[in-house]
2 protein chains.
Amino acid sequence: MQITNPGSLIPDPGSQPATGAINALAFDAYGTLFDVFSVTSLCEQMFPGNGTTLATMWRAKQLQYTLLRSMMDRYKDFWQVTQDGLVYAARALKLDLDVGKRTRLMDAYMTLATFPDVKPGLQQLKAMGLRLAVLSNGEPRMLESAARTAGIADLLDAVISVDEIQVFKPSPRVYELAATHLHVSRGSIGFVTSNNWDAQGAVSAGLTTFWIQRAAAEPAEELGYPPAHVVRLLTDLPNIIRSF
Amino acid sequence: MQITNPGSLIPDPGSQPATGAINALAFDAYGTLFDVFSVTSLCEQMFPGNGTTLATMWRAKQLQYTLLRSMMDRYKDFWQVTQDGLVYAARALKLDLDVGKRTRLMDAYMTLATFPDVKPGLQQLKAMGLRLAVLSNGEPRMLESAARTAGIADLLDAVISVDEIQVFKPSPRVYELAATHLHVSRGSIGFVTSNNWDAQGAVSAGLTTFWIQRAAAEPAEELGYPPAHVVRLLTDLPNIIRSF
């Protein structure tokens, strides 16, 4: 294990930076590693003709509730917020979401599909000697379950959840957790996310940030903190990290 | 002018409560007094076939950016955030928003239409001796311009903007501003909004809250702080306030 002084850009005398400036990578989970829209087919099966609309509104409400609850200082964990988003979306669309359907859809969140580039990307990065972590809004058991199902749990040195500080992204306090848990300085951590607002939150908090833009047409948010590095897939990261 | 001790539920010896428990009303501005979708026809005129989609996405992004910037501790005023939301929405929809069009749409935000029940409702409430204020995310000049255009400026005792504390709704600090500016105790203020998330923020912060639900089909948010009072129009408020 490789340790530099947290808060300092000067490595410990005994440490050897694995890859120049970046020693560790922290990955967003939902939308970045795990495809939140892999629940769409189950939504469509339950509510024919409304699957995509339900999945899209569910995701939007889930994110909105993380922000609103953080602002209100009324934290509930991501499991609760995810369920609340589903209940709202079904009601707004006038869909009959009984307890059985709600339970099946929530269970699907425990076993989301990963994007095809995730496992090979993480394997290549791990082989480079980088420390790898998840840094997510997710509730810890949700994250562990999803990582186990995806077969990537063994590649991760840490699974870091906002649950310990009871505030969601993009609070700067969340991004500070990465350095604390990975025992490396903030300057040697790369943060990887496909959610552009999350990328801008990390940039604003001082992290070197990589935006995974899988869909080329997806526009960046107008928040004033654009990430310097934009890549299409996790498997594009090794070459970029080596160049640091 | 009627004053009770801020922070105390016991009225000053010399004061006379105008309407039982509620002495003052603070109103949300955008969506409650001013119809943010009155810009839709101008959007449609500029971008035929895309007016409603543009106006809807513009509004959603504007609100999302207030939340994200507050969470990031990177406040910009509502004018900037509104313009950023417009720029994003136009780019996402691949619409050619040149500077001329952007300026015209932003100017339209300075002179939004009011809902038909707003002026008569405020006049009736004012005649009851209530102190009336706006409590809004809006930048002060935007609020003053919109209130003047609507002919309601003279009915308002205060126009309170989040700009002085540099954080947006639903932070509890915003709702505390009403008591400070109106010089009444928090318990004697009613807060009025048609944005359900705003209503729940105010309830969470301890205000007596009235949700204006103009569209009956609009579902309440799943945030855990439902407002106790739901009315359809501002003109429904006088009877309810009298019953307190």
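The values are calculated or read from the model by the stated rules, or taken from the named source; none is laboratory data. This one's a predicted model, so the numbers in the text were calculated from it and none came from an experiment. Note that we place each Cβ from the backbone using ideal geometry, even for glycine, and neighbour counts take in every protein chain shown.
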- Note on the structure: Out of (1) over 20 Å from B:M72 (Cβ atoms); (2) surrounded by fewer than 18 Cβ atoms within 10 Å (Cβ to Cβ), the one A:L237 does not meet is (2)
- Item | Criterion violated by A:G100 - all others in (1) surrounded by 15 or more Cβ atoms within 10 Å (Cβ to Cβ); (2) more than 17 Å from the chain's Cα centre (by Cα); (3) assigned to a helix (DSSP H, G or I) satisfied | (1)
- Inspect the range A:118-131 for any residue being surrounded by fewer than 17 Cβ atoms within 10 Å (Cβ to Cβ), more than 14 Å from every other protein chain (Cβ to nearest Cβ) and in a loop (DSSP other than H, G, I, E, B) and give the result as yes or no. yes
- Task: Just need a number here: residues in the range B:189-244 that are of a type in the set (F, W, Y) and either out of contact with any Leu (no Cβ under 9 Å at 6 or more places or on another chain) or not in a strand (DSSP E or B) (or both).
- Result: 4
- Item | Selected residue (only one of B:E139, B:E222 is under 17 Å from the mean Cα position of the chain (by Cα) and among the charged types (D, E, K, R)) | B:E139
- Message: Among the residues of the range B:135-157, are any in a helix (DSSP H, G or I) and within 13 Å of chain A (Cβ to nearest Cβ)?
- Response: no
- Matching residues, the range A:199-219, being more than 18 Å from the chain's Cα centre (by Cα) and either within 20 Å of A:Y30 (Cβ to Cβ) or surrounded by 15 or more Cβ atoms within 10 Å (Cβ to Cβ) (or both): A:P219
- Message: I'm trying to understand the selection: among the residues of the range B:35-75, which are within 10 Å of chain A (Cβ to nearest Cβ) and surrounded by fewer than 17 Cβ atoms within 10 Å (Cβ to Cβ)?
- Response: B:A60, B:D73
- Message: Based on this model, can you work out whether B:T193 counts as touching a residue at least 40 places away in the same chain (Cβ under 8 Å), buried (at least 21 other Cβ atoms within 10 Å of the Cβ) and either within 14 Å of another protein chain (Cβ to nearest Cβ) or touching a helix residue (DSSP H, G or I) at 6+ places or on another chain (Cβ under 9 Å) (or both)?
- Response: yes
- Hey, any hits in the range B:183-190 for a residue that's at pLDDT 95 or above and within 14 Å of chain A (Cβ to nearest Cβ)? no
- Message: Suppose the filter is under 21 Å from A:F78 (Cβ atoms), at pLDDT 95 or above and within 14 Å of the chain's Cα centre (by Cα); does A:V167 pass it?
- Response: no
